[in-house]
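Before any comments, here is the structure.
The values are calculated or read from the model by the stated rules, or taken from the named source; none is laboratory data. This is a predicted model, so every value here is computed, not measured. Neighbour counts are summed over all protein chains in view; Cβ atoms, including those assigned to glycine, are modelled from backbone coordinates with ideal geometry.
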Amino acid sequence: GSASFSQIQRSPLFSSLNSEDVSYFKEILGDKNVIEDEERLETANTDWMHKYKGSSKLMLLPKNTEEVSQILKYCDSRSLAVVPQGGNTGLVGGSVPVFDEVIINLSLMNKVLAFDEVSGILVCEAGCILENLATFLDTKGFIMPLDLGAKGSCHIGGNVSTNAGGLRLIRYGSLHGTVLGVEAVTANGNVLDMLGTLRKDNTGSEGSLGIVTKVSILTPPKLSSVNVAFIACNDYLSCQKILVEAKKNLGEILSAFEFLDNSSMDLVLNHLDGVRNPISSSDNFYILIETTGSDETHDREKLEAFLLKSLEKGLVSDGVIAQDINQASSFWRLREGITEALQKTGAFYKYDLSLPVEEIYNLVNDLRERLGDLANVMGYGHLGDGNLHLNISIAEYNEKVLGLIEPFVYEWTSKHRGSISAEHGLGVMKAEEIFYSKSPETVALMASIKKLLDPKGILNPYKVLPHSAFSP
Ligand code: FAD
Ligand code: MLT
Ligand code: ZN
């Protein structure tokens, strides 16, 4: 069974699609970009985790901003609800319809528009796949300031709309800092051209305020020396000490600091092909450290000295530095592959939390104790950013177990002044839970911004904000 939207009611304010609507869309987009094919709709209605499923009868594939504008203008006048969709890799059910919302998928808007080789500023359409942008930049000697396991499918527009974090945030910061501008279309079809002039100001809206059609982003130069170490650690306190030491000793070259616990490691080893633990004897925690700099000898010496010192201090039980690029990617595979491995387990519950670093593993332990043999609890994530991915895998979805997890996890997080949405967004999964990390005043302000930009509420309804925010 999948997690359902059973508590949510379809809003009676929205109209239902009719054949005249479809004809109109065909007129503006051409027949082949108006998708009614059942198989394609099945895919577009289903999220990456196969957990959330809508029943849309129509997917539209606009080729340019003007078409997005025409679509929205029409949908707004007809009160047809829509869901903007990028690569559909979102993990909170934000990218698929809840009911019959029209899917507006941006995948045909995939052109690089400009690249300035001096400033490193890239301007592209929102439907560009992250990995394709990275490949393009590589030929120019630059990299994307963000990287994540979904790079092969996710779109830059989706990344910006969720303000995605990922594996390089520790070095290049949040997208809020590197996105210089966006072009977006609001619900009534107005095109807001804020591309490259204004500092971006509407990211993280998860498709609820507008559709991002173009992005301008500052990209850092590609540096010649990349080193990756994979280390094992006996206890969580040592993991924290290693983080402090890494920031101090590897400071300017540190580009990733990721962790996984033993349960996450077992999961990956059991569910993915061709992976192995590079550490000979298993331990309770593993840390992946990446450095990126411009002097191979210097950087490597630094990392080796760091590892040696950590071993001497007893913080690390064992560690390996990748000898070549293949070994480096095999280390990364262990960390980045966890999400894919989870997908193969059957059912899983996923939480994406920001917490004070010293508290992170207390939550994992508390939940493990609470669930006992009922489920397998795993902790991994972006330790360098204080971001825990708490995941619970179980043979099949079970309301009783869910009742033990929620609201426990949310209350625990709120009590420690954390966030229940560190980087994945709220989507439909956590729209009603927003108060665990945002004050009523903040939520009310968000709702009034939403109302201003999308008075009829057609853009990605039932997501991000709680139902109560719109009640009088
Ligand atoms: P979608 O899933 O299609 O959409 C996500 C949300 O954005 C939806 O609410 C949708 O309506 C909205 N949206 C999409 N495109 C637009 C647009 N053009 N305009 C307006 N709204 C839009 N996330 C992280 O933050 N860090 C990670 O490290 C990370 N790793 C991941 C690893 C894996 C294996 C997977 C499957 C997911 C991971 N994610 C991660 C989550 C997800 O990939 C990101 O949220 C990603 O940015 C979503 O991009 P997308 O194009 O797939 O968007
Ligand atoms: C990650 O860091 O691996 C992603 O955010 C996906 C996940 O949480 O599983
Ligand atoms: Zn993550």
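Values for this structure:
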{"read-out": "Qualifying residues in the stretch 89-116 (those that are crowded, with 24+ Cβ neighbours inside 10 Å and not hydrophobic (A, V, I, L, M, F, W, C)) - the one farthest from residue 76 (Cα to Cα)", "value": "90"}
{"read-out": "Total residues in the stretch 291-345, condition farther than 17 Å from residue 149 by Cα and in contact with a Gly (Cβ under 6 Å, 6 or more places away or on another chain)", "value": "2"}
{"read-out": "Residue 342 vs. criteria in a helix (DSSP H, G or I), of a type in the set (A, V, I, L, M, F, W, C) and under 20 Å from residue 254 (Cβ atoms)", "value": "no"}
{"read-out": "Residue list for the stretch 149-177, filter: buried (at least 22 other Cβ atoms within 10 Å of the Cβ) and more than 15 Å from ligand 3 (Cβ to nearest atom)", "value": "155, 156, 157, 160, 161"}
{"read-out": "Of residues in the stretch 117-127 being in contact (Cβ under 8 Å) with a residue 40 or more places away in the chain and in contact with a helix residue (DSSP H, G or I) (Cβ under 9 Å, 6 or more places away or on another chain), the one surrounded by the most Cβ atoms within 10 Å (Cβ to Cβ)", "value": "126"}
{"read-out": "Helices (runs of 4 or more DSSP H) (entirely within the stretch 1-89) containing at least 2 residues that are within 30 Å of residue 341 (Cα to Cα)", "value": "38-45"}
{"read-out": "Of the criteria (1) buried (at least 17 other Cβ atoms within 10 Å of the Cβ); (2) under 29 Å from the mean Cα position of the chain (by Cα); (3) within 23 Å of residue 213 (Cα to Cα), which one residue 43 fails", "value": "(1)"}
{"read-out": "Single condition residue 388 does not satisfy, out of (1) within 16 Å of ligand 1 (Cβ to nearest atom); (2) touching a residue at least 40 places away in the same chain (Cβ under 8 Å)", "value": "(2)"}
{"read-out": "Residues (in contact with a His (Cβ under 8 Å, 6 or more places away or on another chain) and within 16 Å of ligand 2 (Cβ to nearest atom)) located in the stretch 202-231", "value": "204"}
{"read-out": "Some residue of the stretch 68-76 being in contact (Cβ under 8 Å) with a residue 60 or more places away in the chain and within 12 Å of ligand 1 (Cβ to nearest atom)", "value": "yes"}
{"read-out": "Matching helices (runs of 4 or more DSSP H) fully within the stretch 144-184 where at least 1 residues are within 13 Å of ligand 2 (Cβ to nearest atom)", "value": "156-162, 169-172"}
{"read-out": "Residue check for residue 353: among the hydrophobic types (A, V, I, L, M, F, W, C), within 16 Å of ligand 3 (Cβ to nearest atom) and assigned to a helix (DSSP H, G or I)", "value": "no"}
{"read-out": "Residue count, the stretch 104-143 (criterion: within 16 Å of ligand 3 (Cβ to nearest atom) and either touching a Phe, Trp or Tyr at 6+ places or on another chain (Cβ under 7 Å) or part of a loop (DSSP other than H, G, I, E, B) (or both))", "value": "0"}
{"read-out": "Residue 403 vs. criteria exposed (fewer than 14 other Cβ atoms within 10 Å of the Cβ) and either assigned by TED's automatic domain parsing to the domain that holds residue 205 or small (Gly, Ala, Ser) (or both)", "value": "yes"}
{"read-out": "Criterion violated by residue 4 - all others in (1) of a type outside the set (A, V, I, L, M, F, W, C); (2) modelled with pLDDT of 95 or more; (3) surrounded by 11 or more Cβ atoms within 10 Å (Cβ to Cβ) satisfied", "value": "(2)"}
{"read-out": "Filtered residues of the stretch 381-396 (kept if farther than 19 Å from residue 344 by Cβ and either surrounded by fewer than 24 Cβ atoms within 10 Å (Cβ to Cβ) or within 10 Å of ligand 2 (Cβ to nearest atom) (or both))", "value": "381, 382, 384, 385, 386, 387, 388"}
{"read-out": "Hey, residue 383 within 16 Å of ligand 1 (Cβ to nearest atom) and touching a Cys at 6+ places or on another chain (Cβ under 9 Å) or not", "value": "yes"}
{"read-out": "1 or more residues under 21 Å from residue 322 (Cα atoms) and of a type in the set (A, V, I, L, M): qualifying strands (runs of 3 or more DSSP E) within the stretch 198-300", "value": "225-233, 254-261, 285-293"}
{"read-out": "Verdict on residue 431 being within 16 Å of ligand 3 (Cβ to nearest atom) and under 23 Å from residue 48 (Cα atoms)", "value": "no"}
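Each row is one residue, and each column tells you yes or no for (1) under 30 Å from residue 96 (Cβ atoms); (2) in the same structural domain as residue 301 (by TED's automatic domain parsing); (3) buried (at least 23 other Cβ atoms within 10 Å of the Cβ).
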position: 190; (1), (2), (3): yes, no, no
position: 231; (1), (2), (3): no, yes, yes
position: 239; (1), (2), (3): no, yes, yes
position: 242; (1), (2), (3): no, yes, yes
position: 245; (1), (2), (3): no, yes, no
position: 253; (1), (2), (3): no, yes, no
position: 264; (1), (2), (3): yes, yes, yes
position: 271; (1), (2), (3): yes, yes, no
position: 279; (1), (2), (3): no, yes, no
